[in-house]
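A quick write-up on the structure given underneath.
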Amino acid sequence: MDRCIQIGSRKSRLAVIQTEELVSYIRRRCPKLRPEIVTIETTGDKRLDVTLDKIGGKGLFVKEIDRALLTGEIDLAVHSLKDMPMEESKEIPIISFSKREDARDVLVLKEGIKEWDGTGVIGCSSFRRRIQAEKIFPEAEFRTIRGNVLTRLEKLDRGEYDALILAAAGLRRLGLEYRVYRYFSPEEILPAAGQGILAIQGKAGKDYSFLQGFGTYETAMIARAERAFVRCLDGGCSSPVAAYAEVAGDSLSLRGLYYRERDYFFAVGSKKGAVHEAERIGAALAQELAEEYDG
């Protein structure tokens, strides 16, 4: 008899598409398993009238799904790693990371617009993006924008904004890469920790051997390094702390953004080391930047 695997996902089209990646993998690898998607509306999806830092941070995108996982309503959950709190639950840990998609941020213009002079209103969902983009577009006005990717694009095309800064991975998964006007390199805008990576969350003690091969060791180490950096700086949803790691052979290189709130100052540092020391590299870079700039 086929075994049903209930997989929790946020309700947005992007979240469902991301979850379908895992569904397809399970069907290919384990024909006797029957994966089904269970969509769950989170507080973060409902409360679009205020910024996340005022209502509880990134955890608002996962807490209802966490509850369903803890109670057994679902067997697995799929999240964008960048939306997950940095502290990992021992009861419902991350059990796999997908291979990373494009981690870059991108600039999107109104439908049909081919050129832009860098002025007007830029919709930006995170302080991290804003403080870095302000140096690139000093004559633009930045305004907060909430909602899923499709909702934000609708607001842009209605004329509420002149441009948006979004994640490349989300647009690619939605088949909307053609909307990209400009890609920002990590040197221009450092991505959020975990951007472009899917996190698969399960329940401690359960057998998830059927997921073996879904992710890669390299991506797992990238995720661990980036999240360790942000965690050590106590970077939450309202903090612009950012991190981006790359693996080449047995070496991992990490760039991290440190922010000093009292004077709106930020600096980027880097550190390299062995891949298997990913978390140590992240923590060490965080400590070095804090000691250098927090005096």
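The modelled label-to-label distance between Glu73 and Val38, using points 7 Å beyond Cα along the C-beta direction, is 0.7 nm. Amide H contacts of Val121: Glu141, Asp162, Ala163, each under 5 Å away and 5 or more positions distant or on a separate chain (H built 1.01 Å from N in the peptide plane; Pro and chain starts excluded). How would region 105-183 be classified by its alpha-carbon gyration tensor: rounded, prolate or oblate, with rounded meaning a/c under 1.5 and the a/b versus b/c comparison settling the rest? Verdict is rounded for region 105-183. Where does the Debye-calculated log10 I(q)/I(0) of region 220-295 sit at q = 0.13, 0.14, 0.22 Å⁻¹, using only Cα point scatterers of equal weight, no solvent? Once normalised to I(0) and log-transformed, intensities are -0.33, -0.38, -0.86.
What whole-number volume per residue, in cubic angstrom, does the convex hull of the C-alpha atoms of the chain give?
134
Straight-distance candidates among the lysines for linking to Lys155, with alpha-carbon spacing under 22 Å and chain neighbours fewer than 8 residues away dropped: Lys11, Lys46, Lys110, Lys114.
Remark: relative contact order (region 105-183) = 50 percent; criterion is Cα-Cα distance under 8 angstrom and separation of 6 or more residues.
For an R0 of 30 angstrom, estimate the FRET efficiency from the Cβ-Cβ distance between Ser270 and Glu88 and round to the nearest 0.05.
On the way: r = 25 Å, r/R0 = 0.83.
Given R0 = 30 Å and the Cβ-Cβ separation, E is 0.75.
On the principal axes of its alpha carbon atoms, region 172-256 extends 43, 35, 32 Å, with the longest extent given first.
Taking only C-alpha pairs under 8 Å that are 6+ residues apart, what is the relative contact order of the chain in percent? All intermediate terms of the calculation are to be shown ahead of the outcome.
On the way: 595 pairs, mean separation 58.1, N = 295.
Here the relative contact order equals 20 percent.
Straight-line reach from Lys90: which lysines have Cα under 17 Å away, leaving out those fewer than 8 places along the same chain? Qualifying lysines at Cα under 17 Å: Lys63, Lys203, Lys206.
Distance between the modelled labels on Ser253 and Glu20, one decimal in nanometres: 3.6 nm (7 Å Cα→Cβ projection).
Any read-out appearing in this document is the output of simple, stated calculations on the displayed coordinates, not a laboratory observation. Bear in mind that the values here come from a model prediction, so they are computed numbers and not experimental data. Note that each Cβ is placed from the backbone with ideal geometry, even for glycine, and that neighbours are counted across all protein chains shown.
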